[in-house]
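Inspection log for the structure reproduced underneath, given as structure tokens.
The values are calculated or read from the model by the stated rules, or taken from the named source; none is laboratory data. Because the structure is predicted, anything quoted here is derived from the model rather than measured. We place every Cβ from the backbone using ideal geometry, glycine too, and count neighbours over all the protein chains shown.
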Amino acid sequence: MSRIFNFSAGPAALPEAVLKEVQTEMLEWNGAGASVMEVSHRGKPFMAAAAKAEQDLRDLMGIPDNYKVLFLQGGATSQFSAIPLNLRFLGGKADYAHTGHWSKKAIADAKRFVEVNTVCDTSEEGYKHVPDVSDWTLSDDAAYVHITPNETIAGVEFDWLPDTEKPICADLSSTILSRPIDVSKYGVIYAGAQKNIGPAGITIVIVRDDLVGNFPDDAPRLMDYKVMADSDSMNNTPPTFAWYLAGKVFAWLKANGGVEAMASINREKAEKLYGYIDASDGFYTNPVAVANRSWMNVPFILADSGLDAAFLEQSHAAGLHALKGHRSVGGMRASIYNALGLDAIDALIDFMDSFKSANQ
Ligand code: PMP
């Protein structure tokens, strides 16, 4: 059986080279006589693998020494609550940009712990662009500013940051490691792993030191960044297999040119796919403002939605899987994270073109 081109939004495709390496270690890892899943997280071999994963991530992202890197559980969703709980010592109010489905969820959870000031809101238009920062209603007394630089469902992205002294908290779940970023400009970065990092089950949090250590007494300890930092993310049993595999992906990224190389391939992939969509004479369209088109998640709709079922059935049969758009949006979506190369884009465009010719 051959592997498909997997356009899933997450859990998503993993680099084949990584999966093959993991396969060779499945029965016996690191001379342990057992797999990595079967040994103690407190043993030297796992501790060493965990520390190397952290160091590789630090190298890849250029994470400054005054930031903690945490490997947590609970998914990115847990951070929707953990951020207000850890940061509300700075004030009872926080600024949130509402630019898509995931920022909406982050706002709903934050409202349970802080007063939320929504600095922009594109829900009415169905999340098709990100308002210019000059139109954001930032508040002077906010504890922090929360943004979602890439909205996975609508495929809406922005790569600039608001000009603010407040800590910027960013949900990078679907864009982390897709290109270089300047970590020193952020207070907290968080991301679920199941897109550009590894399997589901581990959540990366990168947090500046001065934001750690002021957690409320009456909230769950596992959400306290200090508890997790002081224990090297091992206050309780971590998701060892996901951590190990994330480490393999980091090593793969380093060996393949790091985030700079990913950025150039990702840009080329996205330009090629959007270019094809835009040149399809309206057969396919992408509804997002050009400046805010995501490199990672490319939604597109067919002019005749009556063809959706046939498109999905035939693309699946052609080995192009998971192209169905999110149920809240409909249409199609191609998620094209780091593990998918240009060959996947070429195969998708070939298919889209022959489907167009057959159905025009
Ligand atoms: N934020 C973004 C941008 C996402 O894409 C997702 C999941 N697709 C989440 C948050 C939620 O992540 P999790 O399922 O890991 O909680």
Completion exercise
When restricted to ILE153, ILE168, the only residue surrounded by fewer than 24 Cβ atoms within 10 Å (Cβ to Cβ) and within 14 Å of the ligand (Cβ to nearest atom) is ILE153
Practice task
Of the conditions (1) touching an Asp or Glu at 6+ places or on another chain (Cβ under 6 Å); (2) modelled with pLDDT under 95; (3) charged (D, E, K, R), ASP163 clears all except one; give me its number.
Solution key: (1)
Handout entry: Residue that is surrounded by the fewest Cβ atoms within 10 Å (Cβ to Cβ), among those in segment 47-99 that are over 15 Å from LEU222 (Cα atoms) and within 16 Å of the ligand (Cβ to nearest atom)
Key = HIS98
Practice task
Please state which one of PRO199, PRO216, PRO162 is touching a residue at least 24 places away in the same chain (Cβ under 8 Å), farther than 15 Å from ARG58 by Cα, surrounded by fewer than 24 Cβ atoms within 10 Å (Cβ to Cβ) and within 16 Å of the ligand (Cβ to nearest atom).
Solution key: PRO199
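Could you list all residues from segment 1-46 that are touching a Phe, Trp or Tyr at 6+ places or on another chain (Cβ under 7 Å), part of a loop (DSSP other than H, G, I, E, B) and either within 16 Å of the ligand (Cβ to nearest atom) or under 30 Å from PRO299 (Cβ atoms) (or both)?
First pass over segment 1-46, keeping only residues touching a Phe, Trp or Tyr at 6+ places or on another chain (Cβ under 7 Å): 12-13, 15, 17-18, 35-37, 39-40.
Filter again for part of a loop (DSSP other than H, G, I, E, B), leaving 12-13, 15, 35, 39-40.
Once the filter is applied, which keeps residues that are touching a Phe, Trp or Tyr at 6+ places or on another chain (Cβ under 7 Å), part of a loop (DSSP other than H, G, I, E, B) and either within 16 Å of the ligand (Cβ to nearest atom) or under 30 Å from PRO299 (Cβ atoms) (or both), segment 1-46 yields ALA12, ALA13, PRO15.
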Exercise for the section: Scan (1) hydrophobic (A, V, I, L, M, F, W, C); (2) farther than 29 Å from PRO11 by Cα; (3) crowded, with 23+ Cβ neighbours inside 10 Å for the single condition TRP136 breaks and write down its number. Expected result: (3)
Practice task
Give just the number: which of (1) under 21 Å from the mean Cα position of the chain (by Cα); (2) assigned to a helix (DSSP H, G or I) does HIS316 not satisfy?
Solution key: (1)
Exercise for the section: Could you please give the count of residues in segment 171-190 that are within 13 Å of the ligand (Cβ to nearest atom), within 25 Å of LYS226 (Cβ to Cβ) and of a type in the set (Gly, Ala, Ser)? Expected result: 1
Problem - ALA94 within 18 Å of PHE215 (Cα to Cα), at pLDDT 95 or above and not in a loop (DSSP other than H, G, I, E, B) - result: yes
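Yes/no matrix, rows are residues, columns are (1) small (Gly, Ala, Ser); (2) in contact with a helix residue (DSSP H, G or I) (Cβ under 8 Å, 6 or more places away or on another chain):
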residue: GLY275; (1), (2): yes, no
residue: PHE283; (1), (2): no, yes
residue: PRO287; (1), (2): no, no
residue: ALA291; (1), (2): yes, no
residue: ILE301; (1), (2): no, no
residue: GLU313; (1), (2): no, no
residue: LYS324; (1), (2): no, yes
residue: ASN338; (1), (2): no, yes
residue: ASP343; (1), (2): no, no
Completion exercise
Counting only residues that are outside any loop (DSSP other than H, G, I, E, B) and either basic (Lys, Arg) or within 16 Å of the ligand (Cβ to nearest atom) (or both), segment 121-146 contains a total of 1
Exercise for the section: For segment 235-263, enumerate the residues that are over 15 Å from ASN338 (Cα atoms) and out of contact with any helix residue (DSSP H, G or I) (no Cβ under 8 Å at 6 or more places or on another chain). Expected result: THR237, PRO239, ALA242
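Does LEU14 satisfy the condition of being crowded, with 18+ Cβ neighbours inside 10 Å, under 24 Å from LYS226 (Cβ atoms) and either under 24 Å from the mean Cα position of the chain (by Cα) or not aliphatic (A, V, I, L, M) (or both)? Explain how you work it out, then say what you get.
Details: crowded, with 18+ Cβ neighbours inside 10 Å: yes; under 24 Å from LYS226 (Cβ atoms): no; either under 24 Å from the mean Cα position of the chain (by Cα) or not aliphatic (A, V, I, L, M) (or both): yes.
The answer is no for LEU14.
Each row is one residue, and each column tells you yes or no for (1) surrounded by fewer than 18 Cβ atoms within 10 Å (Cβ to Cβ); (2) among the aliphatic types (A, V, I, L, M).
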residue	(1), (2)
SER280	no, no
TYR284	no, no
VAL290	yes, yes
LEU302	no, yes
ALA310	yes, yes
GLN314	yes, no
